[in-house]
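Here, each number is a calculation from the coordinates, and none is a lab measurement. It should be emphasised that the depicted structure is a prediction, and the values quoted were computed from it without experimental measurement. So basically every Cβ, Gly included, is an ideal-geometry build from the backbone, and we count neighbours across all protein chains shown.
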Amino acid sequence: MSKPNTRTVVALAVAALSVLTVAFVGVLTVLVRKAEHHDPTVTAYAHGKTVTVEPFLYCTVKLEDCKYGETVALEVPAGYPLQLSLPKKIADAPWLAQLVYVLPNGDKVDRVVSRNDFPEGALAVTIDSKPEDELRLVGVELQLPILARDETGREFYVPHAAWSISTV
């Protein structure tokens, strides 16, 4: 019996690698299709503690297939910042954050910040818990808004996704 020449060995090796590659891609495709879908989460950090914030509300942009979660608590002492780490899917979207502050007499003051208030593509956002002497941060709701229209034709924004954090 004759010894296989170099061409034959190379051809067999290429064929074997091709079969392995096709098999690998096939198995990978099946695994990806069967993988469980996870909604994006936000990571919040304050005063040495980190929490993962699951969506409080998560719908399609047509406001279908809505899922509801809970507000996450994270104590943010006055004077310490609240830091939010955003996944790229949120950071690249036109997000806004409703900041809720309270005055010493109990009155609430709402402020809004948006993606436009931070550098483009920012994956981290810092919220001041005490921007003025009288104000104290009590909550943040990060939202992905969509434009909606009521039956009279009036246009307004509603969130199709939201992440809620109580800071007291």
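Sparsely packed loop sites in the range 1-81 (the trypsin sites (Lys or Arg not before Pro) outside DSSP H, G, I, E and B with at most 14 other Cβ atoms within 10 Å) comprise Lys62.
Ordered by the count of other Cβ atoms within 10 Å of each Cβ, fewest first, Ile146, Ile127 give Ile146, Ile127. Each part gets one Cα centre, and for the range 41-67 versus the range 81-104 those centres are 11 Å apart.
List, in the order given, every pair from Lys67/Lys88; Lys67/Lys89; Lys34/Lys67; Lys62/Lys130; Lys49/Lys89; Lys89/Lys130 whose Cα-Cα distance in the structure shown is over 26 Å. Listed pairs above 26 Å: Lys62/Lys130; Lys89/Lys130.
Using just its DSSP H runs of length 4 or more, each adding -39500 (n - 2.57), the chain gives a mean residue ellipticity at 222 nm of -6500 deg cm²/dmol after division by all residues. Applying both filters, DSSP loop and at most 15 other Cβ atoms within 10 Å, to the trypsin sites (Lys or Arg not before Pro) of the range 80-159 gives Arg154.
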